[in-house]
Structures are given as structure tokens and as C-alpha cells.
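Contents: one structure, followed by commentary.
The values are calculated or read from the model by the stated rules, or taken from the named source; none is laboratory data. All of these numbers come straight from a predicted model, not from anything done at the bench. No Cβ is skipped: glycine too gets one built from the backbone with ideal geometry, and neighbour counts run over all protein chains shown. These area figures cover heavy atoms from the full protein model, side chains too; ligands, DNA and RNA do not enter into them. Shrake-Rupley method; radii C 1.70, N 1.55, O 1.52, S 1.80 Å.
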Amino acid sequence: MVNLTIDGKQVAVEKDATIYDAAKACGIKIPILCHDKKLHPFGGCRMCLVEVEQMKGRLIPACTTPVTEGMIVQTTTDEIVKARKLVLELLLLKHPIDCPVCDAAGDCDLQNLTYEYKVNMNRFVDEKFNHEIDYENPLIERDMNRCIHCGKCARICDEIVSYGAYTFINRGIEAKMGTEFDGPLNCEFCGSCVSVCPVGALNSRPFKFKARWWALQKTKSVCSYCGTGCQLTLGSKDGKVLTTIYDENQGFHNGQLCTRGRFGYQFVNSDKRLTAPMIRKNGNLQEATWEEALAEVTSRLSAGKSDPASVAALATPRLTNEELYLFGKLFRGTVGTDNIDHSAGYAHEALTKGAVASFGVAASPAEIADVQKSNLLLVVKSDAYETHPVIGFEINLGVKRKGIALRIVSDKKGKLTRLPGAKTTVHAPGNEVALFNALCKSVIDQGLAAEGVAGLDALKAAVADATAEKAGVTAEEIAAIAKEFASAEKALIILPIGQGYPGHNAALANAAANLAILTGQYGKEGAGLLIMGEKNNSQGAVDMGIYPKGTGLNAAAIIDGCANGNIKTLFVAGENPVVSYPNRKKVEKALENVEFMVVSDLFLTETAAMADVVLPACSFAEKSGTFTSLGRRVQNVRKAIPAVGLAKSDFDILNALSQALGGARYNNQGEVFTEIAANVPAYKGLTQAGLKDEGAVYPVALSAKLVPAAAQASAPVAGKLTLVTGSALYHCGTMSRFGEGPMYVCPDAYAELNVADAAALKVAEGDQVTVTSGTGAVQVVAKVGKRVPQGVVFSPYHFGEGSVNTITDGSEVTYVTVAKK
Ligand code: SF4
Ligand code: SF4
Ligand code: SF4
Ligand code: FES
């Protein structure tokens with residue numbers, strides 16, 4: 001520790017602290033413009049000047065100067081104030097004083113400091129900038145006339161997002177923050193640059209002219225897209241969520257969000273929201289009252305109680321824990337059916353079956369914080385960045401700032417592949433289990449297995465003929481990864497799971513866990529297996545038991561049951577099987593066949609449109625409760641706005657049904673959480689109030705065991721391409737289609753081809769192509785690049801039009817032909 005004196009106060013700080021950090025630590029506020037705690041120091045604006053006695057009273061920037069023992073610092077002498085005023089005068093010289101129409105007004109550091117330092121006149125005169133404003137895209141407006149050259153946008157885009165969209169162009173008085181060739185912004189649209197811009201140079205266009213900052217009601221909540229569980233602050237006014245507000249002190253990610261979290265919230269206020277219940281009459285859905293709709297559902301479920309096997313229920317893992325718990329209690333307890341599931345069944349088996357068999361718990365043995373504490377990350381599929389972008393930022397930060405080694409095993413290349421020192425092993429699609437088996441064999445062969453691992457002989461026998469060749473990669477690659485993984489001090493495997501990844505199931509979780517267990521890389525910080533559930537509450541849905549536990553049917557079997565008439569009543573809470581479950585035609589036929597289907601949702605989705613009763617549900621912004629993110633963090637979700645139209649939360653819907661069917665009745669969701677804490681062992685001791693803003697990671701007691709996993713052989717088929725499905729960076733499930741931001745950046749389904757395949761098929765970027773499998777055909781737009789290897793075609797699964805589940809059937813690998821339309 002280093003001791004110093006600031007404005008007469010004694011303070012002791014870490015030796016790598018700056019004067020700014022030290023002042024902050026003892027509650028002294030030094031003004032900053034170009035500094036951001038997440039970014040490398042820049043020292044460009046000179047707003048933070050302070051005086052250091054040992055430097056002969058010179059003024060130096062606090063944000064870049066390291067502390068030294070015995071330093072005596074003054075932060076507000078007359079001279080310092082004068083210098084800061086000069087900085088502000090110089091900045092205001094060129095800056096347009098258009099605060100009345102600037103969206104940053106009230107949240108602008110320049111405006112606030114000008115006010116604080118009472119700069120009400122300028123000794124200098126100069127012409128204002130005359131830069132053209134970039135209105136080219138609907139998400140980010142760039143008005144470089146307001147730019148103060150702090151460089152934060154360029155630094156965050158480079159250091160954290162790893163995109164590098166900005167650079168200073170020109171020098172001196174002509175200097176400008178520009179883009180490549182000074183063209184319009186064309187990037188990932190994560191909005192990170194907008195969030196850190198201290199003035200109104202970068203603006204969120206969806207928020208433009210919507211409200212003044214000070215008029216916004218701010219509510220801390222959790223993003224409702226992916227399983228990362230980024231915390232966010234919703235800015236609302238007049239019952240509408242208008243924006244998300246950046247708070248650098250929020251969450252493990254310091255306020256960082258991806259494009260969905262930042263610009264995808266508009267689905268809450270979408271004019272496509274369902275606002276009233278509907279009942280099918282004479283073949284058409286017609287508006288009804290809640291009483292009528294609930295009476296109809298109650299009577300069906302009540303009849304189902306005498307034949308519970310004929311009732312099934314599917315829930316989206318986007319509901320809160322309280323809602324999912326109530327869902328389980330209503331269907332499993334009151335109605336008496338075990339036919340309940342979420343996310344197509346296979347999408348959570350890595351947790352419910354894989355993690356349970358290998359580690360004795362239906363949760364990841366690692367948490368998000370382990371990413372930064374590891375020495376080597378082994379990412380399965382490069383999609384970790386696309387499925388869980390803010391985890392991608394964490395990986396990026398760990399690799400670039402801490403030198404964490406990054407190894408990727410994937411069926412295609414992705415953004416992680418480009419990080420410094422990253423090595424990507426590209427394997428044939430569907431070969432993940434074979435590859436992990438080969439890694440385990442190599443660890444054993446190289447004599448790198450940890451001492452005394454139970455079950456080693458059985459694993460040895462199981463992987464005896466697991467070769468690199470069978471996994472479709474080279475022996476050198478396997479030997480190198482095995483060696484690095486086993487000999488790293490701490491190594492962590494990162495595995496995304498979800499509806500786009502039919503092969504990411506229990507066997508893969510076992511195969512990956514075997515590598516961790518075999519090498520002793522688990523049960524300690526920075527090591528183990530991080531299974532990344534797709535949706536915001538995927539882990540919570542597993543914790544609340546939303547999957548068949550006994551002889552009940554899983555999601556796929558429920559669809560079959562609808563088709564063969566065994567399931568007569570189907571309750572769907574927020575799921576959209578028509579677009580997201582495999583084999584669309586089969587799902588549609590099954591749902592047409594079921595006698596009675598009720599769907600609660602925010603939108604009239606493809607599935608809701610087929611229902612007999614549609615119940616308008618609330619979004620996450622209209623209710624309180626908890627979500628559990630990947631890595632087991634239980635976090636508070638808080639109500640920001642009243643329900644839209646007549647919508648009710650799934651909690652209220654399920655509570656009303658439960659009471660009508662003779663089950664429990666709760667006064668509020670908080671009562672349910674108390675019951676969860678009493679009944680779900682992992683949640684023991686938790687209270688909603690105790691979760692506060694940061695949430696709580698529940699502990700797991702591991703009982704690790706090697707579980708041999710059988711690899712499916714997946715050999716290429718002559719004349720066919722192998723289809724890989726997954727997530728597009730801008731989307732999550734099918735809900736993001738109702739967010740304007742994601743739809744602007746990625747509006748349509750597409751098929752991504754390797755340049756060589758595209759050339760052979762005479763397909764160019766942007767062409768319409770027909771992708772055909774044994775299950776069906778779909779028309780999508782072609783993308784051409786080098787990310788996917790030859791022989792492979794990638795297509796995201798989120799879209800209703802050109803939906804990829806028309807051609808997939810749930811197998812790990814789908815063989816397709818692609819032809820220009
Ligand atoms: S939106 Fe994100 S990717 Fe685009 S320039 Fe800003 S920080 Fe970079
Ligand atoms: S655009 Fe904003 S963040 Fe970027 S340099 Fe200018 S003032 Fe700083
Ligand atoms: S979608 Fe996921 S990564 Fe993006 S902001 Fe939301 S929780 Fe974070
Ligand atoms: S904040 Fe220190 S130089 Fe800009």
C-alpha cells in the first residue's frame with residue numbers, strides 16, 4: 001500500500017492506483033472528462049489537473065499520475081480552478097451551445113462542469129465546427145460538432161468491444177473522431193460508445209427527443225434477453241420504457257451491455273403487444289374479458305385433472321423464478337401432470353442431465369467471475385460471443401489485459417478467433433463429443449491425468465479409440481490443447497447451450513466435464529465448466545424444476561403427444577414452438593391437432609395465433625421478481641412501468657388459475673420467493689430484500705464423477721453441406737424480433753456460406769437461396785465469407801419468415817443442399 005495526503009486527508013491505496021483513484025477512495029471528487037474506470041488512462045482533456053507538492057506545485061493530471069509514498073496533493077486551489085476553467089473555455093470555443101435540443105442535456109459532463117465552474121463567458125473567439133451529422137443508421141446519431149475529443153468511444157470500442165470502429169482522423173484543429181474512411185458508422189451497434197460519450201456527440205436515436213434525463217424514472221433491473229444476466233437501469237416516463245441508462249457501477253460488467261440489452265428494449269412498448277385476452281370463436285380469435293378467458297382455461301384444466309396425462313404445459317425460461325415455481329406447482333401439483341418442460345427439452349439437458357451426472361448438481365460448477373480468474377479458457381463454439389455477448393467482452397478483457405490463453409473448439413470461426421493469441425480448432429459440425437473424448441484420451445496418454453481420479457479405468461476404456469481423426473482435427477491440435485489445458489494453473493471450459501444447438505446436450509456436458517475432472521480443473525477459482533443457458537432465466541427454470549422429472553413427457557414428446565392425440569390440453573406460457581422447436585411442419589400439425597391450446601404471451605406469435613385462448617402477458621419491465629443467470633446468480637427484477645393495456649403478469653395469471661383450480665393462492669410474488677427459499681435447497685437462506693442490487697450466487701456442493709459419453713459419428717455426405725444453427729449476435733430466441741434495434745441490424749434470416757462453396761454454387765452475397773433438407777426447404781438471404789469452413793452452412797434460428805426449423809429435425813447435424821433461387 002502507498003500512503004499519501006489529499007486535501008489534508010490521509011489515504012492508503014494500492015501501489016498501482018492513480019491520484020484520481022486515491023481521491024475517489026477518500027471521497028474527494030476530481031472532475032474528469034476523458035477518464036473512465038473501465039478504460040486505459042488517456043490523459044487527454046486536462047480537466048482533472050491537481051497540484052502535487054513534491055513536483056514543485058506543478059499541475060498534473062490526476063487520472064494518469066500514479067501515487068507515490070508521501071505524496072501531498074491539493075485538488076482545489078485557486079490556480080487549479082483557474083486551469084479547469086481554461087480547459088472548459090477552450091472546449092466551449094468550438095462546441096455548439098445547443099443544449100436545448102441536445103439529448104445529453106442534464107446528463108452531459110461538459111454542461112455540468114461548465115455550470116459547476118461557472119464558466120459564463122469566454123475570453124476566446126473562434127468559429128464553430130461544421131461537421132456533417134451522421135444520421136445514416138437508426139440507432140446511433142453522430143454529431144461530431146459536439147465532440148470534445150476525449151477518445152472514450154474509440155477506446156471502449158477497441159478495448160472492450162474489440163471492434164475498433166473509431167479512430168481520430170486529422171491532426172490539430174482539424175482533428176475529428178472518425179470512422180474508417182470517415183464514412184457512416186457500420187458496426188455491432190452495441191451502443192457502448194454512446195454510453196460513455198460525456199457529451200451529446202453520440203446519441204441513441206430511438207431515445208432522441210423522447211424525454212429529458214431528469215424527467216426519467218430510473219429502475220434497476222436485469223436484461224431479459226440472454227442468460228448472462230446483465231444488470232440494467234430502465235429509463236421510463238409516462239408508463240413507457242424509453243431507454244436504458246448507463247451506470248458504470250452496475251453489475252460484474254460495469255454497465256456494459258450488448259446491442260440487445262441496449263437497443264432491444266423497444267419490444268416493451270411495441271404497438272404489436274397484446275393488450276386484451278382473446279378466445280377463438282367460429283375459427284377466429286376474438287377479444288374477450290379476462291373473466292371469460294380465465295373461465296375457459298379453468299374449465300379445461302379442471303377437466304384435465306381427472307386425466308392429467310392428457311394435459312401438458314410448456315413455459316419459456318424468460319419468466320421469473322416466482323412465475324416458474326407457480327407454473328410447476330400448478331401443473332405438477334394441482335393438475336397433477338409431469339408433462340412439463342421448457343426450451344425444446346434438449347436445450348437444457350446439459351444442466352439437468354449432464355451437470356447432474358458429472359457434478360451432482362443441475363448447475364454450472366463455475367460462475368461468471370471465474371472467466372477473469374482463469375489462466376486458460378477453452379471455449380466450445382466461437383458463439384460464446386454471439387450467444388452471450390457481454391461474456392464475450394469479459395473473455396476479450398481477460399485475454400487482452402491479463403494475458404489469459406484462449407483456445408476455441410468450434411465448427412466455425414467467430415469473433416473470439418481474432419483475439420490476440422487465440423487458437424481455434426475447427427472441427428466438423430456435431431463432433432464436439434468426439435473431440436472432448438479425444439482430448440481426454442490425449443491427457444491420459446500424455447500422463448497428464450490428475451492423481452487418483454475415480455472412474456479413470458472406465459473412462460480409459462470408453463475413450464480408447466477416440467482419436468483426433470475421428471473428431472475431424474489433427475493429432476497435434478488435440479495433443480496441444482490437452483497439454484495446455486491439463487498444465488494450466490486454472491483452466492475453464494465455456495459451453496453455450498440453447499435451442500439453436502441440438503448437439504449441446506447431456507453427452508457434451510459429460511464429455512466436457514470429463515476433461516475438467518480428469519485434469520483436476522474444477523472446484524477451484526477460475527476453473528471448471530461454465531454452462532451458459534440461452535435465455536435470461538434458463539438456470540432459474542432448471543432450478544424451479546420446469547422439466548419432466550418422472551415419467552412425464554419432455555417438450556419433444558409433448559409435441560408428439562399433441563400429434564397423436566394423447567395430449568388434449570396444452571398450456572404454453574411464452575414459448576413459441578412453431579419457430580423455435582425443431583421441425584416446424586411437425587410442430588404446426590401437432591398444435592393444430594391438440595384439442596385445446598392456451599398461450600400467454602406478449603405478442604401474437606406464430607404459436608399464439610394457433611391458440612384457442614390467448615392471454616396477454618406482461619414484459620419483464622412490468623413486473624417484479626427474480627431471474628437466475630448463468631453461473632447461478634439470483635438477481636432482482638423490478639417493475640418499472642404499469643402493465644400495458646389489460647396485460648397481466650404470468651404470476652397473476654397462474655395465481656388466478658391456481659386458486660380457481662383449488663390450489664394455493666398468493667398475495668404477491670414475494671410470498672412465492674419465500675416458499676422457493678424454503679423448498680429449493682440451493683435457494684435456502686435467500687430473501688428478495690437480501691439480494692439487494694448485486695444479487696447472490698448460490699453455492700454448489702460438487703460430487704464430481706467421470707461419466708463416459710458416447711460420440712455420435714457424423715460423417716460428411718457427398719454433395720451436401722452440413723447445416724449449423726445457432727444464435728445471431730443481435731438476437732436472442734424469437735423475442736428480439738420485436739425489438740427495433742435488433743431488427744434494424746439483423747432483420748432477416750440468412751444462410752452463411754464459405755466463399756469457395758458460394759463460388760461453386762454461383763451464389764453471391766445478398767442472393768436469395770433455397771436451403772433444402774430431408775425435412776423441408778426454406779428461402780433465405782445468402783451471406784458469403786470465410787467464417788464458416790467449406791462444406792458448412794450457418795443459419796440463425798430466430799426468424800418466423802425463412803425459419804430454419806423448417807429444415808431441422810433436432811438431430812445434431814442436418815445435411816442440406818443450397819441453390820440459388
Ligand atoms: S456501437 Fe459498439 S461496436 Fe459500434 S462503434 Fe459503438 S462501441 Fe463500437
Ligand atoms: S464522440 Fe464522444 S466519446 Fe467520442 S471522442 Fe467525441 S466526445 Fe469523446
Ligand atoms: S442480451 Fe445478454 S449479454 Fe446482452 S445485455 Fe442482455 S444479458 Fe447482457
Ligand atoms: S480526465 Fe484526466 S486528463 Fe481527462
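Leaving out same-chain residues fewer than 8 places away, which lysines sit with a Cα under 29 Å from that of K281?
Here the lysines satisfying the reach criterion relative to K281 are K272, K305, K568, K585, K586, K589, K648.
Under 13 Å from the Cα of K15, which aspartates and glutamates turn up, not counting those fewer than eight places away in the same chain?
Once the sequence-local aspartates and glutamates are set aside, what remains near K15 is E69.
Can you grab the distance from the C-alpha centre of segment 663-687 to the C-alpha centre of segment 360-413, Å, no decimals?
First find each Cα centre; the distance between them is then 33 Å.
Any idea how far the Cα center of segment 124-183 sits from the one of segment 292-326, in Å?
Cα centroid to Cα centroid, the span is 53 Å.
Could you work out [θ]222 nm for the chain from helices alone, using -39500 (n - 2.57) per DSSP H run of at least four and dividing by all its residues? Round to the nearest 500 deg cm²/dmol. Walk me through the numbers before you get to the answer.
Working: 26 runs with 217 residues, N = 821.
-7000 deg cm²/dmol, from helical runs alone.
Straight distance only, please: which lysines reach the Cα of K220 with their own Cα at less than 18 Å, same-chain residues fewer than 8 apart left out?
Cross-link targets: K237, K240, K623, K639, K692.
Compute the distance from the alpha-carbon center of segment 472-507 to that of segment 574-614, in whole Å.
Comparing the Cα centres of segment 472-507 and segment 574-614, I get a distance of 36 Å.
For I140, enumerate residues with amide H under 5 Å from its amide H, sequence gap 5+ or separate chain, H modeled in the peptide plane.
R205
Quick one: 3J(HN,Hα) in Hz for segment 427-438, Karplus 6.51/-1.76/1.60 with θ = phi - 60°, rounded, Gly and Pro as x.
So the Karplus estimates, Gly and Pro as x, are 10, 5, x, x, 9, 4, 5, 4, 5, 5, 4, 5 Hz.
For V755 and T5 in the same chain, what is the full-extension length gain: residue separation times 0.36 nm, less their Cα-Cα distance, in nm?
Between V755 and T5, full extension yields 263.8 nm more.
Students often get this wrong: which residues of segment 181-195 have the backbone nitrogen under 19 Å from the point 7 angstrom along Cα-to-C-beta of D693?
195
Give me the 1.4 Å probe accessible area per residue for the chain, excluding ligands and nucleic acids, in Å².
With the other protein chains kept in place, the chain gives 38 Å² per residue.
With a cut-off of 18 Å, note down the residues of segment 374-411 whose backbone N falls inside the zone around a label point 7 Å from the Cα of L702 toward its beta carbon.
374-380
Using a basic spin-label model with each label point 7 Å from the Cα along Cα→Cβ, how many nm lie between E595 and A664?
3.0 nm
Given an 8 Å cut-off on Cα distances and at least 6 residues of separation, report the relative contact order of the chain as a percent.
Relative contact order for the chain comes out at 13 percent.
Using θ = phi - 60° and the Karplus form 6.51 cos²θ - 1.76 cosθ + 1.60, what ³J(HN,Hα) does each residue of segment 467-474 get, whole Hz, x for Gly and Pro?
Once rounded to whole Hz, the list reads 10, 4, 4, 5, 8, x, 10, 8.
Just name one of P582, P502, G455: the one whose Cα is farthest towards the positive end of the charge dipole of the chain (beta-carbon charges, Lys/Arg +1, Asp/Glu -1).
Highest projection toward the positive end goes to G455.
Taking amide H atoms as placed 1.01 Å from N in the peptide plane, list the residues 5 or more away in sequence, or in a different chain, whose amide H sits under 5 Å from that of I6.
The list, which skips near neighbours in sequence, is V11, V73.
Extending each Cα 7 Å along its Cβ direction at T289 and E469, get the distance between those two points in nm, one decimal.
7.5 nm
Amide H neighbours of T233 under 5 Å, counting only residues 5+ apart in sequence or on other chains, H built in-plane at 1.01 Å?
Correct list: S221, I245.
If you rank M55, M1, M544 by how much accessible surface each has, with a 1.4 Å probe, what is the order from largest down?
M1, M55, M544
In whole Hz, what ³J(HN,Hα) sequence does segment 553-561 give by Karplus (6.51, -1.76, 1.60; θ = phi - 60°), x for Gly and Pro?
8, 8, 4, 5, 6, 5, 4, 4, x
Compute the angle between helix 389-402 and the longest alpha-carbon principal axis of the chain, please, reported from 0 to 90 degrees and rounded to the nearest 10.
Around 50 degrees separate the two axes.
Where nothing but the Cβ of Lys and Arg (+1) and of Asp and Glu (-1) is charged, how large is the charge dipole of segment 581-622 around its Cα centre, in debye to the nearest 20?
280 debye
What spacing in nm lies between the two simple spin-label points modelled at K29 and E53, each 7 Å away from Cα in the Cβ direction?
Distance between the two pseudo-spin positions: 2.6 nm.
Leaving out ligands, DNA and RNA, what percent of the accessible area of the chain is carbon and sulfur, probe 1.4 Å?
51 percent
Tell me the angle of helix 650-660 to the major Cα principal axis of the chain, expressed in degrees between 0 and 90 and rounded to the nearest ten.
Relative to the chain, helix 650-660 is tipped by roughly 40 degrees.
Note down the relative contact order for segment 378-428 as a percent, whole number, built from C-alpha pairs under 8 angstrom at least six residues apart.
The value is 39 percent.
For segment 462-554, which trypsin sites (Lys or Arg not before Pro) are both in a DSSP coil and crowded by at most 15 other Cβ atoms within 10 Å?
On the way: sites: K470, K483, K490, K524, K535, K549; in loops: K490, K524, K549.
Answer by residue number: K524, K549.
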